[in-house]
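Visitor: Starting off with a structure, shown below.
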Amino acid sequence: MNKDNSRLEIMVLGFLITILTVALMAVAYTDMKSNKATQAKLDALASETDAIHSRIDAIEEHTEKHNAENGEIVQTLIENINDVKTNLNDEVEKLNDEIKRVEESKKKKKEEQQAQAVAYTASVSYEGGSGYNHPFRSQGTTNDGNYDYTWYSQRVLPGGGLNIPGRHVDEDGFVRDENGNLCIAARDLDKGTEIDTPFGKAVVYDYCPNGNLDIYTDW
């Protein structure tokens, strides 16, 4: 009885082992099939990943090339802008130099005129002014039917700045130019106009606000 039981137990254990082996084989086969499907999916995913990486590399290469081209364009634009700025600065510098030159020229001319005025004022003998006894001095005004004349003393306005070539004072105290013309100021006559006056020919050298003609004198 013990032998039979032992044999039966061995048979059962062997059967159980067989069943377990088959089950394990089935599980292994199932796992193997599952692993193959998973591996196939992994392979497909890897292939897609490789394709994506290739696309990314292509995009990066295109972007680098595009940036390089744009960089060259931008650099060219910057260089052109710098050239324009340089040229503009040069022109501004030239303009400033020209303005400076003109201002210095005007200043020099003004200084020369002032020096001429001082020299002329110093050369005029004001001490003899009181000795001029021309009737016009006491009359103060006269009329020749065309104009009213008054006199204006260069003692009030030496007028060295006036452009009167050869300016001098005659024996009667009248201021005359290099041609012996009287020097007058007028409102309604242009500078340089020549007219005949009761005291001789005159040339307009200055402007006066009144309607009469001012004759420059030294009294």
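Visitor: If you check Glu111, Glu69, Glu104, which single one turns out to be more than 30 Å from Asn210 (Cα to Cα) and at pLDDT 80 or above?
Guide: Just a single option satisfies the conditions, and that option is Glu104.
Visitor: Being free of Cβ contacts under 8 Å to residues at least 60 places away in the same chain and of a type in the set (Gly, Ala, Ser) is the filter; apply it to the range 172-219 and report the residue that is farthest from Tyr132 (Cα to Cα).
Guide: Gly192
Visitor: A follow-up question, please. Could you go through the range 131-151 and let me know if any residue there is among the basic types (Lys, Arg), modelled with pLDDT of 70 or more and over 21 Å from Cys208 (Cβ atoms).
Guide: Checked against the condition, which is being among the basic types (Lys, Arg), modelled with pLDDT of 70 or more and over 21 Å from Cys208 (Cβ atoms), the range 131-151 yields no hits at all.
Visitor: For the range 197-212, how many residues are in a loop (DSSP other than H, G, I, E, B) and either over 51 Å from the mean Cα position of the chain (by Cα) or not assigned by TED's automatic domain parsing to the domain that holds Trp151 (or both)?
Guide: First pass over the range 197-212, keeping only residues in a loop (DSSP other than H, G, I, E, B): 198-199, 208-212.
In the following step, the residues that additionally are either over 51 Å from the mean Cα position of the chain (by Cα) or not assigned by TED's automatic domain parsing to the domain that holds Trp151 (or both) were identified as 198-199.
Total meeting the criteria: 2.
Visitor: Also: Being outside any strand (DSSP E or B) and of a type in the set (D, E, K, R) is the filter here; which residues of the range 143-196 pass it?
Guide: Asp144, Arg155, Arg167, Asp170, Glu171, Asp172, Asp177, Glu178, Arg187, Asp188, Asp190, Lys191
The values are calculated or read from the model by the stated rules, or taken from the named source; none is laboratory data. No experiment lies behind these values; they were computed from the predicted model shown. Note that we place each Cβ from the backbone using ideal geometry, even for glycine, and neighbour counts take in every protein chain shown.
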